[in-house]
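All remarks here apply to the structure that follows.
The values are calculated or read from the model by the stated rules, or taken from the named source; none is laboratory data. Because the structure is predicted, anything quoted here is derived from the model rather than measured. Every residue, glycine as well, gets a Cβ built from its backbone with ideal geometry; the counts of neighbours run over all protein chains shown.
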Amino acid sequence: MQEKLKWNAIGLVKKTQILRDYMQKEKSSFPDDHTKIHDKLQGYLNELNHLLEQMEKIDRIIIPKLEESFRLQFTTPELIMFALSRPSIRNIFKDLNTYFKDDPNRPLNEEELVELASSGDAAEVLALVGDAALDLAIIQLIWDSSLSKTGRLTEKRKEVASNQNLAKYCDEWGLYSCRLNRLKTTTKYDIKPETITHEKGTLVESILGVIYLELGFTVLLRIVPLMQ
């Protein structure tokens, strides 16, 4: 079963760079007095540059930190970028797909842009996998054959897998500030604390999902005790 759970890299960084470079060239091809199109293209550029900046942080800071902390090496580091992708990035690539609809020189085809747009969906699946694998790991690590202590298993599971506990490791690993998301105008004061805590917990579950897919349950069993 484990061998069937696998995703291949799609060239997330490279394709985003291709889009950014194309939009930069596209913008420079219009006269300066075409302010409406300039503003529209600059909006795309801002979004793409933001994604690339976040990807660079993930590659330079997050991945090395996780590998050092867990004493492992990811075989497909791009999966960490999937894990930190938020659903909002779907709209960036959907909008670009619409923009390129009648462009015979478009830099990426429709299928490639749909694949890029699905990065946020991949993060949700990784979180689902990570959540399930974490539950199983916790049960195996704290299992006690005494029936009188079965209630403690449930309590311990809730304690370790709670969003509050997982959020601590999200902060320790620096995940939240490196999310791949769409640029927003809202401030941190517009978001409820419990919403942030839940998202932080989800990010950690996504990372655990990557570890499970890449390296298997045995490695996860080694890591989970570090999170208690």
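For segment 64-119, enumerate the residues that are of a type in the set (Val, Ile, Thr) and within 20 Å of residue 176 (Cβ to Cβ).
Listed by number, the residues that qualify are 80, 89, 92.
State all residues of segment 104-127 that are in a helix (DSSP H, G or I), in contact (Cβ under 8 Å) with a residue 40 or more places away in the chain and hydrophobic (A, V, I, L, M, F, W, C); if no residue qualifies, say none.
Correct list: 116, 122, 123, 125, 126, 127.
Applying the selection to segment 117-142, what residues are over 14 Å from residue 212 (Cα atoms) and among the acidic types (Asp, Glu)?
121, 124
Kindly list the number of the only condition in (1) surrounded by fewer than 19 Cβ atoms within 10 Å (Cβ to Cβ); (2) touching a residue at least 40 places away in the same chain (Cβ under 8 Å); (3) within 20 Å of the chain's Cα centre (by Cα) that fails for residue 136.
(3)
Can you report the number of residues in segment 174-191 which are assigned to a loop (DSSP other than H, G, I, E, B) and either at pLDDT 95 or above or within 20 Å of residue 124 (Cβ to Cβ) (or both)?
Adding up the residues that qualify gives 7.
Report every pair of residues separated by at least 6 positions or lying on different chains whose Cβ atoms are under 6 Å apart, first residue within segment 201-223 and farther than 15 Å from residue 131 by Cβ, second among the acidic types (Asp, Glu) and modelled with pLDDT of 95 or more.
none
Can you list the helices (runs of 4 or more DSSP H) found entirely within segment 9-89 that contain at least 1 residues being under 19 Å from residue 115 (Cα atoms), of a type in the set (A, V, I, L, M, F, W, C) and touching a residue at least 12 places away in the same chain (Cβ under 8 Å)?
Qualifying helices (runs of 4 or more DSSP H): 12-28, 35-57, 78-83.
Kindly list the number of the only condition in (1) surrounded by fewer than 17 Cβ atoms within 10 Å (Cβ to Cβ); (2) under 22 Å from residue 159 (Cα atoms); (3) at pLDDT 90 or above; (4) of a type outside the set (A, V, I, L, M) that fails for residue 206.
Going through (1) surrounded by fewer than 17 Cβ atoms within 10 Å (Cβ to Cβ); (2) under 22 Å from residue 159 (Cα atoms); (3) at pLDDT 90 or above; (4) of a type outside the set (A, V, I, L, M) one by one, residue 206 breaks only (1).
Condition test on residue 160, is it among the aliphatic types (A, V, I, L, M), crowded, with 17+ Cβ neighbours inside 10 Å and either part of a helix (DSSP H, G or I) or without any contact (Cβ under 8 Å) to a residue 40 or more places away in the chain (or both)? Before you say what the answer is, go through the steps one by one.
Numbers: among the aliphatic types (A, V, I, L, M): yes; crowded, with 17+ Cβ neighbours inside 10 Å: yes; either part of a helix (DSSP H, G or I) or without any contact (Cβ under 8 Å) to a residue 40 or more places away in the chain (or both): yes.
For residue 160, the condition - among the aliphatic types (A, V, I, L, M), crowded, with 17+ Cβ neighbours inside 10 Å and either part of a helix (DSSP H, G or I) or without any contact (Cβ under 8 Å) to a residue 40 or more places away in the chain (or both) - is met.
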